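Input: a single structure, listed below in structure tokens.
Values in this text are rule-based calculations from the coordinates and carry no lab data. Small disclaimer: the values here were computed from a predicted structure and weren't measured. When we count neighbours, we look across all protein chains shown, and the Cβ atoms used for this are built from the backbone with ideal geometry, even at glycine.
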Amino acid sequence: MAAKRRAVGLGAALERIAAKVDTRGELARARAVAVWPAAVGQEVAKRTHCTALRKGELLVHVDSPAWATQLQAMAPQIAEAVNHQAGKRLVSSVRFTVSRTVREERERDAVAAGLEAVYRPERIAPVPLTPGERAQVEATAAAIDDDELRAAAIRAMAADLEWKKGVRAAAREAPPDTP
């Protein structure tokens, strides 16, 4: 007589397999690191870098001593939030250490965000060519013997002219700069 087998969910089966394969606890560490931003929020995540999980202790690098002190005072709540986000008890304690690397990374990100805001390219809507302009583009490319190359040249010239017309139209619509 065949033995009855109990139905097991795919998630539970994968958890059991992972536990057998992951003898060093790398999956638990990866899970804790992955849920860190959701557990602590965007502002704390920007100022920290979750690095390791060793025997239940989550090691986190922080960008300043003030943040390390403040977060250490909240360590039990943070450990609980990480465990909640992870869906299982991985973290029993959290240790925060100050890291110059995290501070420098945050400063680089702030500079990059500022530059991106200043140098963000404008979105220019191309203005379609008139039939006369299109005929000029085709006449210019007519000297090209290769059909594929001629078609590519027409597409490139048309796109360039449409973009330039869009730039001129945007300049006409933009409010004048005031000193």
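Computed values, structure above
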read-out	value
Alpha-carbon Rg/Rh ratio, for the range 22-119, with Rh computed the Kirkwood way	1.03
Considering only the chain, percent of DSSP beta bridges that pair antiparallel, nearest 5	50 percent
Residues R95, R29, R172, sorted so that the one with the fewest Cβ neighbours within 10 Å comes first	R172, R95, R29
For the chain, fraction of C-alpha pairs farther apart than 25 Å, in %	63 percent
Check: the range 22-119 dipole with +1 on Lys, Arg Cβ and -1 on Asp, Glu Cβ, in debye	400 debye
Burial order of peptide ranges 63-76, 134-147 (average beta-carbon count within 10 Å, highest first)	63-76, 134-147
Alpha-carbon centroids, the range 150-171 and the range 73-99: separation in whole Å	55 Å
Whole-number percent relative contact order across the range 47-138, with pairs defined as alpha carbons under 8 Å at least 6 apart	29 percent
Estimated 222 nm signal from helices in the chain, with DSSP H stretches of n ≥ 4 weighted -39500 (n - 2.57), rounded to 500	-20000 deg cm²/dmol
Against the rule of thumb 2.2 N^0.38 Å, how large the Cα Rg of the range 82-179 comes out	2.12
Charge dipole magnitude, Cβ of K and R +1, D and E -1 - the chain, Cα centre, debye nearest 20	1620 debye
Those GluC sites (Glu not before Pro) in the range 40-123 that DSSP places in a loop and that have at most 10 other beta carbons within 10 Å	E122
For V98, distant residues with modelled amide H under 5 Å away	V62
Efficiency of FRET between A12 and E105 - r from beta-carbon atoms, R0 41 angstrom, step 0.05	0.60
Charge dipole of the chain about the Cα centre (unit charges at C-beta), most positive-ward option of S64, A39, A152	A39
